[in-house]
Amino acid sequence: MKKNILFFAAVAVIAAIAAVLAVRGCVRGGPQKERVIATINGEPVYVGDFKRSMALNFKRDPMFRVTPQTLEKQINLLIDKRLLIQEARQRKLDQTERFVNTIKTFWEQTLIRDLISHRDREIRDSITVTEKEALDYYDNLSHQKTFQVVKSRDKDLIAKLVKMGPESVNWKETIGPLGYDDISSGLLLKAFAIPEGRVRVIKDAGVYYLFYVEKDTVMPIAPFDEMKDSITEKTIKIKEEKLFRDWLKDVREKADIKINRNVLKEEKYGV
């Protein structure tokens with residue numbers, strides 16, 4: 001019994017240190033030979049598996065504490081997990097198309113998420129917000145706008161609608177009323193600059209959008225100094241998204257992309 005307590009105490013110290021370092025991203029040094037902390041039907045559970053599991057506990061719950069009881073619980077959870085995996089393999093569930101597709105989807109999503117996170121850090125380091133930009137954002141916050149919209153890939157049709165005047169256009173969609181902070185679309189952010197009673201054509205991804213600001217309501221807001229910090233952060237976020245879209249557009253333009261439109265039209269899709 002005493003040996004068990006000493007063993008778990010020693011593992012507690014190792015796991016706690018490793019967990020904290022893993023969470024803070026401060027692990028240094030080269031790879032070490034993995035030690036086995038348990039075996040289940042001859043299959044090893046390595047100390048590294050245990051450390052990662054403990055690190056997740058620290059990340060999810062900053063109040064998590066390493067004790068002989070929590071260590072015992074964690075090792076049992078790992079054992080149960082491994083037993084379930086072994087049982088699934090025996091039933092050949094790891095060979096099903098559904099399983100393979102799920103793993104592929106998870107891998108792709110993780111890779112994309114990591115790329116976006118890495119790119120966001122690069123972009124953020126290059127962004128600054130001027131006093132004028134912050135004041136412009138503040139001015140927009142006091143407005144709530146209602147838009148009428150028509151969209152088409154036919155440039156000539158949109159030009160014809162502009163000449164007709166807003167009263168004569170058969171508007172296809174009403175958007176709003178929207179405040180500036182309600183908008184997450186880069187297209188609508190551009191449209192927000194349109195004055196009340198005016199129309200403007202905005203092209204996006206090969207589509208022409210005719211916007212008409214039907215109504216612009218002025219709303220009371222807090223003083224600028226009280227909102228400056230949050231405005232700066234939101235402005236940075238808007239710039240981040242725009243720079244990312246521009247970067248992705250550049251990547252797309254440089255890529256060799258071929259779409260088989262015939263297959264796209266002929267294929268049957270269940271919805």
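Taking 0.36 nm per residue of separation and subtracting the Cα-Cα distance, what length does fully extending L83 through T70 add?
Value of the extension gain: 2.7 nm.
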Per-pair calculated FRET efficiency, R0 = 22 Å: R113 and E233 via Cβ, rounded to 0.05: 0.55
Segments 184-196, 137-149 sorted - mean Cβ within 10 Å per residue, highest first: 137-149, 184-196
Label-point separation in nm, N262 to T105, each point 7 Å along Cα→Cβ: 3.1
Calculated FRET efficiency for the pair D136/I175, C-beta based, R₀ 22 Å, to 0.05: 0.55
Segment 55-130: trypsin sites (Lys or Arg not before Pro) in DSSP coil with no more than 12 other Cβ atoms inside 10 Å: R65, R91, K92
Whole-angstrom Cα spans of segment 209-248 along principal axes, big to small: 38, 33, 6
Equivalent-ellipsoid semi-axes of segment 131-271, from the Cα gyration tensor, Å, largest first: 32, 24, 13
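Values quoted throughout were computed directly from the atomic coordinates according to the rules given, and no laboratory measurement underlies them. Because the structure is a prediction, the values reported are computed rather than measured. Glycine gets a Cβ as well: all are built from the backbone with ideal geometry, and neighbour counts include every protein chain shown.
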